[in-house]
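Q: Once you've had a glance at the structure underneath, I'll fire off some questions.
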Amino acid sequence: MENVKNPTSTMSAAIKGGEFLIKETQAKDVFIPEEWNEEQQMIAQTCTDFLAQHVWPNLDRIDAQEEGLMVDLLNKAGELGLLGISIPEEFGGFGKDFTTSMLATEIMGAGHSFAVAISAHTGIGTLPILYYGNAEQKAKYIPKLSTGEWKAAYCLTEPSAGSDANSGKTRAVLSEDGKHYILNGQKMWITNGGFADIYTVFAKIDNDDNLSAFIVEKSFGGISLNPEEHKMGIKGSSTRQVFFNDCKVPVENLLSERQNGFKIAVNILNLGRVKLAGAAIGGSKQTITKSVQYANERQQFGRSISKYGAIRYKLAEQAIRVYASESAIYRASQNIEDAIKSLITGGMDEAKAKLKGVEQFAVEAAILKVHGSEVLDYVVDEGVQIYGGMGYSAEAPMDRAYRDARINRIFEGTNEINRMLTVDMMLKRAMKGELDLMGPAQKVAAELMSIPDMNSDNSGMFSNEKKAVAGFKKAVLMVAGAAVQKLMTQLAKEQEVLMNVADMIIETYVCESVLLRVEKLIEMKGEASCKEQIDMMKVYINDAADRIHKSGKEAINSFSDGDEQRGMLMGMKRFTKTDPINTTELRRNVAAKLIAENKYCF
């Protein structure tokens, strides 16, 4: 496979992570999924064919954890090169860019438990070694991980260390002869734990404050496993507790520098968050297709249930949320890819550049993880409802989809943690002078005191939607700015306010992303062929305005009172005001297209 170049790979206005809140982005500067080139579409088709041939017909066998089946599936994926899409060619991979690897992740996301196993292997299992390993470590491990000869797992979580990963108790002590670290401790919820050959294990050396990371081969000995966990969903994914009892790890298997483990964990989680969002969208699309097909087949009162408005609402809303989330995911993916290329051009080592590129967009990674996982939850929930009684039957597909989706709001940092991180990272960047949030926030505060401009320019395509998105940004800056001033150091403890602000930021980013996508699509295809996409974008922004207003109002009411409160509530109303549109009609248009195509077709 030759190297893939995206049409938008050289951005004219390189944007930094989090800057979307204070800078206007042009449609020409975003990547949209309608731009996939032929080779990327071939990779996507290979992934789809793999699922259709090997995974979907065997979902019950996979969930029953049939001995050796998951390992066999990963081997088959390895033979096709699907485990090495983003691994450099020198280590036996295809060396594809970040957006291409995201596309493969999205398609595989429809693979239920297999999606979890392959994501854990190619992501948190392989990438710590690829990005932090020295030349010898990479040469030894990456080729075998790329082909699937060796399977990988990642051991961070402990019984008493979940969200607070750095509080883990696993310890490493240097042996008397100085040749090995002796590893002792317990890890839990380890995906691929039952069959992994290689573990990336996080432990503290002696009494260090921070974690270090180690590459541990199962063959080193001193490793024992608890039986497979019985889980609500993703039943086919191997999840075990892993115990290290005087496990001897050669000193050369320390990954990166001592005490660098926490940083490795954080950066790999950033990557995992973006990828999880992509996988969630893949699962969502598959669920919508099944929902549409069932609605077309199922007859009640003498006609298909897809002819009824209540069902059409559900089908359209499923599609609208997915289309919006997907717009944000690939916008950020291309931003990450551009940041990586720019760093490599500036002379940075490729592995370091990849980490730095993702780290730069850590805010967006957290946003996408939350939004993608919650969209999937909405889609599967409505999928069950569309199937009605059959939705609750284990014989029908929604049972598995519903249960498997639920873990995604917990994986890669809970959605609550990710919401708080979104705000925390934004504010920290502002404090460091990397993001000028205070200037724009003060401008918005001044605007509150002025008379609203009733003569704003309403000409040009989507001027109402653009005005709405600009207003949403002002709403965020107003509430966040006031919260910082009012609560100061106490803000970190006011988690409800942080969650409100995070929800406003998330909706704003997704609204702008879907607007930019539709704008760019019209440039490519003309307005006439983008009718349903325009409808989806308009409905999403219209409904997001209400969600942002509610979050903003809750936050304002919790930390202000008197004239200040009244002023901000008026501002909130002004910044989230949208022109009335007939969302019923627009949703019907979207549903009609889905029903005619008998699948998710956007």
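Q: Could you look through segment 209-228, keep only residues that are among the charged types (D, E, K, R) and at pLDDT 95 or above, and pick out the one that is surrounded by the fewest Cβ atoms within 10 Å (Cβ to Cβ)?
A: So in segment 209-228, the residues among the charged types (D, E, K, R) come out as 209, 217-218, 228.
Right, trim to at pLDDT 95 or above and you get 217-218, 228.
Values: 217: 18, 218: 17, 228: 15.
Here the answer is 228.
Q: Name the residue, out of 571, 567, 562, that is surrounded by fewer than 13 Cβ atoms within 10 Å (Cβ to Cβ) and among the small types (Gly, Ala, Ser).
A: Details: 571 fails: surrounded by fewer than 13 Cβ atoms within 10 Å (Cβ to Cβ); 567 fails: surrounded by fewer than 13 Cβ atoms within 10 Å (Cβ to Cβ).
Answer to the selection: 562.
Q: Determine whether segment 394-406 contains at least one residue that is surrounded by fewer than 18 Cβ atoms within 10 Å (Cβ to Cβ), more than 26 Å from the chain's Cα centre (by Cα) and among the charged types (D, E, K, R).
A: Within segment 394-406 (the criterion being surrounded by fewer than 18 Cβ atoms within 10 Å (Cβ to Cβ), more than 26 Å from the chain's Cα centre (by Cα) and among the charged types (D, E, K, R)), the answer is yes, since at least one residue qualifies.
Q: What tally of residues in segment 2-24 results from selecting those that are within 21 Å of the chain's Cα centre (by Cα) and modelled with pLDDT of 50 or more?
A: The qualifying residues number 7.
Q: Which one of the conditions (1) in contact with an Asp or Glu (Cβ under 6 Å, 6 or more places away or on another chain); (2) without any contact (Cβ under 8 Å) to a residue 40 or more places away in the chain; (3) of a type in the set (A, V, I, L, M, F, W, C) does residue 98 fail to meet, given that it meets all the rest?
A: So residue 98 meets the others, but not (2).
Q: Give me the residue from segment 554-589 that is among the polar types (S, T, N, Q) and assigned to a helix (DSSP H, G or I) and, out of that set, nearest to residue 444 (Cα to Cα).
A: Going through the qualifying residues, I end up with 565.
Q: Within the group 284, 373, 291, which residue is assigned to a helix (DSSP H, G or I), touching a residue at least 12 places away in the same chain (Cβ under 8 Å) and either among the acidic types (Asp, Glu) or out of contact with any Gly (no Cβ under 9 Å at 6 or more places or on another chain) (or both)?
A: Answer to the check: 373.
Q: Still on this structure, I have one more. What number of residues within segment 54-77 satisfy the criterion of being buried (at least 23 other Cβ atoms within 10 Å of the Cβ) and over 27 Å from residue 395 (Cα atoms)?
A: Number of matching residues: 1.
Q: Would you mention how many residues in segment 162-202 are in a strand (DSSP E or B), within 29 Å of the chain's Cα centre (by Cα) and under 21 Å from residue 138 (Cα atoms)?
A: The qualifying residues number 5.
Q: Given the criteria closer than 20 Å to residue 500 by Cβ and either modelled with pLDDT of 95 or more or in contact with a helix residue (DSSP H, G or I) (Cβ under 6 Å, 6 or more places away or on another chain) (or both), does residue 557 qualify?
A: Yes.
The values are calculated or read from the model by the stated rules, or taken from the named source; none is laboratory data. Here the structure is a predicted model, which means the values were calculated and not measured. All Cβ positions, glycine included, derive from the backbone under ideal geometry; neighbour counts span all protein chains shown.
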